[in-house]
Amino acid sequence: YNPLSQFIVKVTSPVLVPLRRMIPSMGGMDVAALVLAWALKAVELLLVVLISTGAFSPGYAILGAIPGLVGLTINIFLYAIIIQAILSWVNPGTYNPAASLLYSLTAPVLRPVQRFIPPIGGIDLSPMVAILGLIVLKMLILPPLNQLVAALIS
């Protein structure tokens, strides 16, 4: 019942509701939302390649959207953790819908780290460890995915 999440649901529902009728969810995942994100990223890549090189490359756009979405997902978690850490310094303890949304978004990443690294002297170091882990994950996953896409396109 967060106002920001309700806003996002209402803004995206005109596109996602018809897609959900055609594409069912699997394993608790909203596959229609993933397909929409993939299609939008593919269109973005297609337009960028078309504008920058003048070449029409739908194969690259379709396959290149996968590493693009993986990188985007990791970036969303990175920025959400950074913003959450800054908010905890500036205005700790007060309720804010945006802060609540950030906490619920970053909890799956921060909770496992917080089990291994408890707060030390009242300072929570888990965001730093999670950020480093996400950066390493990005460095390990994206180059092989980009090389795979380049190999499949060639």
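For segment 1-108, which helices (runs of 4 or more DSSP H) that fit wholly inside it have 2 or more residues that are under 25 Å from P119 (Cα atoms) and at pLDDT 90 or above? Result: 58-90. For the structure I just gave you, tell me whether T106 is of a type in the set (S, T, N, Q), without any contact (Cβ under 8 Å) to a residue 12 or more places away in the chain and out of contact with any Asp or Glu (no Cβ under 8 Å at 6 or more places or on another chain). No: the conditions fail for T106. Number of residues in segment 16-62 that are under 19 Å from N146 (Cβ atoms), over 20 Å from the mean Cα position of the chain (by Cα) and β-branched (V, I, T) equals 3. Suppose the filter is over 17 Å from the mean Cα position of the chain (by Cα), more than 26 Å from L19 (Cα to Cα) and hydroxyl-bearing (S, T, Y); does S88 pass it? So S88 passes the test. The single condition among (1) aromatic (F, W, Y); (2) under 28 Å from A39 (Cβ atoms); (3) in contact with a helix residue (DSSP H, G or I) (Cβ under 8 Å, 6 or more places away or on another chain) that Y103 does not satisfy is (2). Condition check: part of a helix (DSSP H, G or I) and surrounded by fewer than 16 Cβ atoms within 10 Å (Cβ to Cβ). Does P127 satisfy that? So P127 fails the test.
Against the conditions (1) under 23 Å from P144 (Cβ atoms); (2) touching a Pro at 6+ places or on another chain (Cβ under 9 Å), Q84 satisfies every one except (1). Here M22 clears all of (1) loosely packed, with under 11 Cβ neighbours inside 10 Å; (2) aliphatic (A, V, I, L, M); (3) over 24 Å from F7 (Cα atoms) except the condition numbered (3).
For I8, the requirement of being free of Cβ contacts under 8 Å to residues at least 12 places away in the same chain and either surrounded by 12 or more Cβ atoms within 10 Å (Cβ to Cβ) or on the phi < 0 side of the Ramachandran plot (or both) is met. Could you list all residues from segment 15-29 that are without any contact (Cβ under 8 Å) to a residue 12 or more places away in the chain and either touching an Asp or Glu at 6+ places or on another chain (Cβ under 8 Å) or charged (D, E, K, R) (or both)? Across segment 15-29, the qualifying residue is only R21. In segment 109-120, the qualifying residues are those that are part of a helix (DSSP H, G or I) and among the hydrophobic types (A, V, I, L, M, F, W, C), and the one that is surrounded by the fewest Cβ atoms within 10 Å (Cβ to Cβ) is F116.
Flag: G71 does not match the condition of being among the small types (G, A, S), in contact (Cβ under 8 Å) with a residue 24 or more places away in the chain, surrounded by 11 or more Cβ atoms within 10 Å (Cβ to Cβ) and more than 30 Å from P3 (Cβ to Cβ).
The values are calculated or read from the model by the stated rules, or taken from the named source; none is laboratory data. It should be emphasised that the depicted structure is a prediction, and the values quoted were computed from it without experimental measurement. Here the Cβ is made from the backbone with ideal geometry for all residues, glycine too, and neighbour counts use every protein chain on show.
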